[in-house]
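Below is one structure, written out as structure tokens, with a few remarks after it.
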């Protein structure tokens, strides 16, 4: 069997070998402990949701002191409040947060800034739309949900909150 010859490369005495590559940075999402990583990522959401729950409890307690009719009025407008919160936090908030995070992850700060500005514009439009729908169709919608016919006779802005207590059938 013939010997296989290996070509020798000439080595310059001034050449030095490359330094060894630096170790890769550890990615906590892939290589870290699962429970600790999940807890670290979840704690801001837990605090935000806990704060929201405390606000709802405080509002219900406060309105409950005004009487049963006030609680009924609060329950009557609850679906519209939840719709508004879901549109802002769930649908729009999740999509915008995802898009901005992807832009920032790609290092495109201009795109992230443009996305945030557009999200603000969309949020203002949604808020104005919900407000106009409730101002125009509010009494009819509340009547369909079981509210009294004199539920929201379009009171002035200063009386708007006190008139909500008259929204339940009497």
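The values are calculated or read from the model by the stated rules, or taken from the named source; none is laboratory data. Everything quoted here is computed from the prediction, not taken from an experiment. All Cβ positions, glycine included, derive from the backbone under ideal geometry; neighbour counts span all protein chains shown.
Of the residues that make up segment 126-145, is at least one surrounded by 13 or more Cβ atoms within 10 Å (Cβ to Cβ), farther than 28 Å from residue 74 by Cα and at pLDDT 85 or above?
There is no residue in segment 126-145 that is surrounded by 13 or more Cβ atoms within 10 Å (Cβ to Cβ), farther than 28 Å from residue 74 by Cα and at pLDDT 85 or above.
Could you tell me whether any residue of segment 25-48 is at pLDDT 80 or above and within 26 Å of residue 134 (Cα to Cα)?
no
Listed residues 71, 49, 66, 38; which is part of a loop (DSSP other than H, G, I, E, B) and surrounded by 10 or more Cβ atoms within 10 Å (Cβ to Cβ)?
Within the list 71, 49, 66, 38, the selection yields 66.
Suppose we filter 44, 79 for residues that are out of contact with any strand residue (DSSP E or B) (no Cβ under 7 Å at 6 or more places or on another chain) and over 26 Å from residue 141 (Cα atoms); which single one remains?
44
Yes or no, residue by residue, for (1) under 25 Å from the mean Cα position of the chain (by Cα); (2) farther than 30 Å from residue 147 by Cβ; (3) without any contact (Cβ under 8 Å) to a residue 40 or more places away in the chain:
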position: 21; (1), (2), (3): no, yes, yes
position: 31; (1), (2), (3): no, yes, yes
position: 54; (1), (2), (3): yes, no, yes
position: 57; (1), (2), (3): yes, no, yes
position: 68; (1), (2), (3): no, no, yes
position: 72; (1), (2), (3): no, no, no
position: 79; (1), (2), (3): yes, no, no
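Can you name the residue in segment 81-113 that is free of Cβ contacts under 8 Å to residues at least 12 places away in the same chain and touching a helix residue (DSSP H, G or I) at 6+ places or on another chain (Cβ under 7 Å) and, of all such residues, is nearest to residue 144 (Cα to Cα)?
Per the criteria, the residue is 111.
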